[in-house]
Amino acid sequence: MPLIALRVFRNPTHQIQRGLAFLLVLFSLTGMLSSAWAADEDKSIDLRLFGQNVVGDYDGCHLAFWQHNKTPGSDKFSYVFYAPYNDGEELPAWMKVGKTVYELTRQDGVQTDQPELEELRLYRDPDATFTVLVEVKEQHVADNNIFVDKAKLTITQSKHFPFVISVKGGVVCPQLEDTQDNSADAGSGLYGDAIQLGEALEFDALAAVPAGVLQSVKRDAPDCQPANTTGFGRRFAITDEMTLWEVPCNLYARTGSSVFVTALNSNPAYSNVLIFPAVPDHGDGDDFYEIRAPQVTPQTAMVRSEYYDGDGSCGSYSSYQLRVVEGEALEFFLIEYREKPTCDGVQGEARNFPLIYSAQ
């Protein structure tokens with residue numbers, strides 16, 4: 001689609017200058033107010049990256065900005081801001097905060113007289129919850145598309161700290177996307193990309209577990225009683241900045257249980273107790289955080305549990321994999337579940353029990 005279809009209007013130079021000045025004054029006032037509120041209460045904006053989970057099947061011309069070190073297509077979640085076009089007109093843009101997708105419309109009247117994006121653009125959602133200032137720093141035109149090589153988005157919300165993010169992007173039509181830094185040919189990743197953990201490092205006392213991690217267990221897994229266990233557990237490096245802790249939870253007649261917690265190495269108070277998903281259409285259907293006798297395979301981030309009941313001829317087998325999901329968070333995915341509910345005296349390995357669920 002030719003660039004002219006995007007309808008870049010022309011305005012006199014003095015109108016552009018007045019418009020830019022208006023934006024700068026308006027945003028300066030917004031920034032000062034946000035700083036004043038932040039002094040009273042520290043609140044951050046929970047901005048989330050998104051991909052096809054928000055964009056869906058739309059494949060027309062669009063204005064988009066993605067995190068500067070991500071690539072649409074090869075990274076499942078990369079977009080910060082996405083505005084589809086219809087007959088050359090820019091429609092409301094999409095931005096995701098928390099679990100909500102907000103629509104934002106352009107507020108300023110500034111239009112460049114060149115085939116490029118304006119240096120400043122201002123957007124806001126209908127309820128005026130969020131204001132987004134787009135600052136385009138470097139851009140170029142190629143094959144009738146506009147490519148933004150360097151830009152910054154500043155997002156403000158009442159009584160929250162401004163969120164500033166470096167981005168790339170541009171105005172692109174799908175039939176021309178193959179010129180855009182190979183982003184269209186990079187392939188798409190699976191939802192929930194698997195990771196690899198570092199080698200297991202064992203500990204034999206709860207004193208080895210950061211206080212912030214134990215506090216998370218107490219808060220989010222209240223049925224766990226680590227102090228009543230032997231204190232044995234393991235930890236696995238996720239990255240240089242983050243660790244996966246296997247914390248002892250409870251002791252039972254046959255075996256013990258554990259919970260898994262991710263924590264920042266620099267500040268373990270920022271930790272999260274991971275949830276194991278329930279088996280679909282089976283049992284009580286509730287997710288849980290306590291898993292019995294876990295066996296961890298670091299190379300594939302797999303966690304398996306074999307549980308035997310009665311005379312040992314019945315029980316269950318489950319396997320989960322830790323994967324990266326939206327917002328670069330980590331979640332366990334159920335891979336397989338087997339169960340033999342009735343003990344018949346015929347003993348065998350739990351991984352050979354009747355199959356109840358498989359993700360394959």
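Only the coordinates and a few stated rules stand behind these numbers; no lab work does. This one's a predicted model, so the numbers in the text were calculated from it and none came from an experiment. In this analysis, Cβ positions are derived from the backbone assuming ideal geometry, glycine residues included, and neighbour counts consider all displayed protein chains.
Derived scalar couplings between HN and Hα for segment 44-57 equal 10, 8, 7, 5, 10, 6, 9, x, 5, 5, 10, 5, x, 9 Hz in order, rounded to whole Hz, by the Karplus curve 6.51 cos²θ - 1.76 cosθ + 1.60 (θ = phi - 60°), x for Gly and Pro. Toward the positive end of the charge dipole of segment 194-358, with +1 on the Cβ of Lys and Arg and -1 on the Cβ of Asp and Glu, the farthest Cα among N352, T239, Y289 is that of T239.
Taking other C-beta atoms within 10 Å as the exposure proxy, S266, S216, S313, S358 rank S266, S358, S313, S216 from fewest upward. So, in Å, what gap is there between the alpha-carbon centers of segment 92-150 and segment 54-77? Using only Cα atoms to place each centre, the spacing works out to 14 Å.
Of the peptides 227-236, 163-172, the order by per-residue mean of other Cβ atoms within 10 Å, starting with the highest, comes out as 163-172, 227-236. The gain in end-to-end length when the V325 to E349 segment is fully stretched comes to 5.4 nm, 0.36 nm per residue minus the alpha carbon separation.
With K and R counted +1 and D and E -1, the other residues having a Cβ less than 14 Å from that of R254 yield a net charge of -2. Cross-link pairs exceeding 27 Å in C-alpha to C-alpha distance, out of K99/K159; K43/K152; K99/K340, comprise K99/K340. Note on E199 and E119: the model spin-label points, each 7 Å out from Cα along the C-beta direction, lie 5.5 nm apart. Ignoring lysines fewer than eight residues from K150 along the same chain, the ones with Cα atoms less than 20 angstrom from its Cα are K70, K137, K168.
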